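The values are calculated or read from the model by the stated rules, or taken from the named source; none is laboratory data. If you're wondering where the values come from, they're calculated on a predicted model, not measured in any experiment. All Cβ positions, even for glycine, are placed from backbone atoms using ideal geometry, and neighbour counts span all protein chains on display. Note: accessible area is taken over every heavy atom of the protein model, side chains too, but ligands, DNA and RNA are not part of it. Shrake-Rupley method; radii C 1.70, N 1.55, O 1.52, S 1.80 Å.
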Amino acid sequence: PPLPPSSNRRPPPPRSRPCPRILLPALAGRRSRVLLARPPRAGAGAGDGMASQDAHYPTLLEHMGRAGAPADLAVLIAHIQAACKRIAALVASPGNADLSRAKPAAAAGGASAAGRDAPKPLDELSNEIILSSLQSSGKVAVVASEENDHPVWMCDDGPYVVVTDPLDGSRNIEVSIPTGTIFGIYDRLVELDHLPVEEKAQLNSLQSGSRLVAAGYVLYSSATIFCISFGEGTHGFTLDRSTGEFVLTYPFMQIPPRGQIYSVNDARYFDWPEGLKKYIDTIRQGKGQNPKKYSARYVCSLVADFHRTVIYGGVAMNPRDHLRLVYEANPLSFLAEQAGGRGSDGKTRILSIQPVKLHQRLPLFLGSMEDMLELESYGDVQQKVNPGYDV
């Protein structure tokens, strides 16, 4: 079948030699297009793993500077990366197990009317770190977070809108399973400036994913990895703990067109619709479009499962109405498309869905283009019942 609409751009030819080390130059106006630096050696790419240590690779801000990134955006990213370094230290610190436990319902004020998960001290602390950093940047008009029932208006002249899940997978902290931060960045809708604060905050936060200026995630694991796209490819930066800088290690990441791994909680197999059961049965037996038998790999940490899928290919999925469109599905789908993959709710391209509320949930399927098209061809893959366990 023909490929679906996508914002994919193929990576430019690699440079034959590393770029010279330079500092962040003066940058162009905010709305100019961001064209990211090419890979620093011939043949570099996600398939090569981490870049060779025998050449200089730019830091995240150097990378943006070489590309002529808008000054406002560079300042914003500098503050986001600073916040994520603090969260990385927090999740790796002794004593964080108590912080990862959900508060009792009474202490938490009961269930959230907005449909958020039960808060945990570590989630709330990460949220405070993110919001404080965004406030300090002076570049954010409004931020919409998984930890807040409503968007937070920060300043009238901030050029950007940020949506974020400050700490995805925090329930896994006690057992040292990877966690992550997810974020998306939009231009502020200046045409809404005349509206009351609450209304314009809400409408700015509910932009379609097709309007994203940038998106990224940070994986807190054996390494801390910052993956980001500005609409010209997806790039990965690893935190060098000797310098405290994120350095380019995965230039122009490309999801393999087809993988051999599926990631889903298949303990829920008997609650799945027939289409999803048939798809999983088929690929496990090696009877699908790929004659190889697929393996199951499931971390139950969205950022970790997605990052593995970007590197190795295949499909990461949650077929229930569980993951959030605004600050989980949209940013990760943007990154998937920029790496040559696809994000879908099982029927529709994620970035084409118009959000109607901040904490809107939906099924989410992310991965290799050929795997995703094969999955969607089965039709009935969205799980509509959730018996016996909480969403």
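Suppose a student asked you for the relative contact order of segment 245-334, using Cα pairs under 8 Å spaced at least 6 residues apart; what percent would you report?
On the way: 88 pairs, mean separation 36.3, N = 90.
Relative contact order, segment 245-334: 40 percent.
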Item to check | Whole-percent carbon and sulfur share, accessible surface of segment 165-209, 1.4 Å | outcome: 53 percent
Checklist outcome for this item: Counting only protein heavy atoms and rolling a 1.4 Å probe, one gets per residue an accessible area for segment 128-286 in Å² of 36 Å²
Checklist outcome for this item: Spelling it out for GLY158: with amide H atoms placed in the peptide plane at 1.01 Å from N, the residues 5 or more places away or on another chain with amide H under 5 Å from its amide H are ALA141
Checklist entry - How much length, in nm to one decimal, is gained on full extension between GLU128 and SER377, taken as 0.36 nm per residue of separation minus their Cα-Cα distance? => result 85.4 nm
Checklist entry - In what sequence, highest mean first, do 374-382, 225-233, 240-248, 326-334 appear when ranked by Cβ atoms within 10 angstrom? => result 326-334, 225-233, 374-382, 240-248
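How large, in percent, is the carbon and sulfur part of the accessible surface of segment 261-378 at a probe radius of 1.4 Å?
On the way: 1880 of 3990 Å².
Here it works out to 47 percent.
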Checklist entry - Amide H to amide H under 5 Å from ASP240: which residues, 5+ apart in sequence or cross-chain, H placed 1.01 Å off N in plane? => result GLU245, PHE246, VAL247
Item to check | Proximal lysines to LYS278, defined as alpha-carbon separation beneath 30 angstrom and excluding residues fewer than eight positions away on the same chain | outcome: LYS287, LYS292, LYS293, LYS347, LYS384
Checklist entry - Whose amide H sits under 5 Å from the amide H of LEU206, counting only residues 5 or more places off or on another chain, with H placed in the peptide plane? => result none
Checklist entry - What length, rounded to one decimal in nm, is gained on full extension from LYS292 through to LYS347, with 0.36 nm per residue of separation minus their alpha-carbon distance? => result 17.3 nm
